[in-house]
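The values are calculated or read from the model by the stated rules, or taken from the named source; none is laboratory data. Predicted model, so just to flag it, every value in this text is computed and none were measured. Neighbour counts run over all protein chains shown; Cβ positions are idealised from the backbone, glycine included.
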Amino acid sequence: MRREIDQWYSPSLNKHMEIVTYGHYGFPLLMFPTAAADYLEYERFLLIDAIEPYINAGKVKVFSINSINSEAWLNKRVHPKYKGIRQAQYNNYITEEVVPFIHHKVGGRQGIITTGASLGAYHCVNQVLRRPDLFDGCIAMSGGYNLYDYFESYGYHDENIYFNNIHEYLPNMHGWHVDQLQRKHQIHILTGQGNYENPDDSRWLSGALWSKGIGNNLDVWGWDMPHDWPTWRAMLPYYIASRF
């Protein structure tokens, strides 16, 4: 399996950011880490091994990036205002730096599918909803889509928080975003029902999308599927094999 690591100084984030690419050909899959993890997390926890047959077959070309969660929503040392600012900077890093990098690597402007588990699932959905012109869909695994717990205790709210909290902005979404999302997007919302899973939030997301006429696939796996790596190592290869 071809594996390349690139890095550059991100003007959006004012820091060096790495990205790892797996494979030669196939549709581009952008992976967002869980929690405060890094760009090699999916490799360390063998999720890349689980999808390696599809990478080697040229079905998918995978790109995995760093998170900034420890500097934003998981950072208990800063006021929510600065969490929202950091998320906005991350959004700009994705759209202005990562997306052009992926297009260069795949030889043209192709629709990108996003994926992630846990907090990575939030990011992969958030990017698709915010920029449906850049992303063709997502495979969201075991996500939570309400950021309320990360800022509520301060009694503070602003536009950066609102426009990144899916529970807030999705019910009010209309116009161009909805039109784009209704067209060609594959939105797959996966969750287990085992320990530490939150299937009700995945059900909420699916229902909120359908209420806007945005088609999606809600797939609730069994009680034997906890919020953990064996679940995600089962989910992602199944969806790459069967849906793409």
Search region 114-135 for residues that are acidic (D, E) and pair each with any residue that is part of a helix (DSSP H, G or I) when their beta-carbon atoms are under 8 Å apart and the residues are at least 6 apart or on different chains. D133/Q180
Checklist (1) assigned to a helix (DSSP H, G or I); (2) within 19 Å of W229 (Cα to Cα); (3) of a type in the set (A, V, I, L, M); (4) in contact with a Phe, Trp or Tyr (Cβ under 7 Å, 6 or more places away or on another chain) applied to I51, failing item: (4)
Residue that is surrounded by the fewest Cβ atoms within 10 Å (Cβ to Cβ) [pool: residues in region 227-244 that are at pLDDT 95 or above and in contact with a helix residue (DSSP H, G or I) (Cβ under 9 Å, 6 or more places away or on another chain)]: A241
Of (1) surrounded by fewer than 21 Cβ atoms within 10 Å (Cβ to Cβ); (2) over 16 Å from the mean Cα position of the chain (by Cα); (3) modelled with pLDDT under 95, G111 satisfies all except one. Which? (2)
Which numbered condition E96 fails, given (1) assigned to a helix (DSSP H, G or I); (2) over 24 Å from Y42 (Cβ atoms); (3) more than 16 Å from the chain's Cα centre (by Cα); (4) touching a residue at least 24 places away in the same chain (Cβ under 8 Å): (2)
Scanning region 30-69 for residues that are touching a residue at least 60 places away in the same chain (Cβ under 8 Å), under 13 Å from the mean Cα position of the chain (by Cα) and within 18 Å of D136 (Cβ to Cβ), which turns out surrounded by the most Cβ atoms within 10 Å (Cβ to Cβ)? F32
So, of the residues in region 56-76 that are out of contact with any helix residue (DSSP H, G or I) (no Cβ under 9 Å at 6 or more places or on another chain) and outside any loop (DSSP other than H, G, I, E, B), which turns out to be farthest from A36 (Cα to Cα)? N56
Assuming L209 fulfils every condition listed in (1) over 17 Å from the mean Cα position of the chain (by Cα); (2) assigned to a helix (DSSP H, G or I) apart from one, which condition is it? (1)
Filter result for the condition that a residue is of a type in the set (D, E, K, R), assigned to a helix (DSSP H, G or I) and modelled with pLDDT of 95 or more, over D219, D224, D201: D201
Any chance you could count how many residues in region 1-46 are in contact with a Leu (Cβ under 7 Å, 6 or more places away or on another chain) and either under 27 Å from G108 (Cβ atoms) or in a strand (DSSP E or B) (or both)? 1
